[in-house]
Amino acid sequence: MTKQIRCEECGAPMQPHTDGRRYTCGHCGAEKQVAIDTEQLAEGMRLDLSNVEAFLVGLASSLLHAFPGKTRVLHEGSQLILLELNLDPHMYVAKRELAGQYTAQYKKLVRGVALKTKVLPVDEWVKQLTQSIADHANQTAQVAQVLAQLRGTI
C-alpha cells in the first residue's frame with residue numbers, strides 16, 4: 001500500500017512513479033523523492049520463510065539483478081550453496097551446511113576484513129539485510145541527487 005504524499009509547493013496529493021520512490025504533483029508539476037523503508041523492501045521480497053531454501057534462491061536472484069558487483073552466489077547442481085552480499089561495511093552471508101540447513105551470518109567489515117561475525121536466525125538476518133539495503137539505496141539516491149544538482153550548476 002502506497003502512503004499519501006502531499007506536495008510541499010501547493011499541498012495537492014502527489015502521484016507515485018512505478019519505482020515507489022519518486023512522486024509528481026499533478027497540479028503544479030513538482031517532483032519529490034522519498035526514502036525507501038524496510039517495510040517496502042520486505043513487502044517487495046514477499047517474505048515467506050516457511051521454505052528457507054526457496055526464499056534464499058529467490059533472494060539470490062533478486063540480489064544478483066539489483067547488486068551484480070556486490071553479490072556472489074554459488075550453486076551445486078540446483079542447490080544454492082552460498083549467497084553473499086557485500087554492502088561495505090556490512091556483509092551478509094547465507095551458506096548451506098552439510099546437513100542441508102542454512103547458516104545466516106552478518107559480518108562487520110573494516111577495509112575489507114571481517115572484524116566481527118555473528119550467526120543469526122534467518123528471520124533476524126533478513127531484517128538486518130533489508131535495513132542495510134534500504135540504507136544503501138537511500139545513500140546512493142542522495143549521492144545521485146547531489147551529483148545531478150552539481151551538474152546543473154556547472
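Listed values, structure above:
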| quantity | calculated |
| --- | --- |
| Enclosed volume per residue, in Å³, of the convex hull spanned by Cα atoms of region 40-138 | 104 |
| Formal net charge of residues neighbouring Leu83 (Cβ-Cβ distance under 14 Å; K, R +1; D, E -1) | +1 |
| Mean separation of Cα contacts under 8 Å, 6 or more apart, over the residue count of region 48-119: relative contact order % | 18 |
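Bear in mind these aren't lab numbers, they're just calculated from the coordinates by the rules spelled out. Everything numeric in this text was worked out from a predicted model, so none of it was measured. Ideal geometry is used to build each Cβ from the backbone, glycine not excepted, and the neighbour counts take in all protein chains shown.
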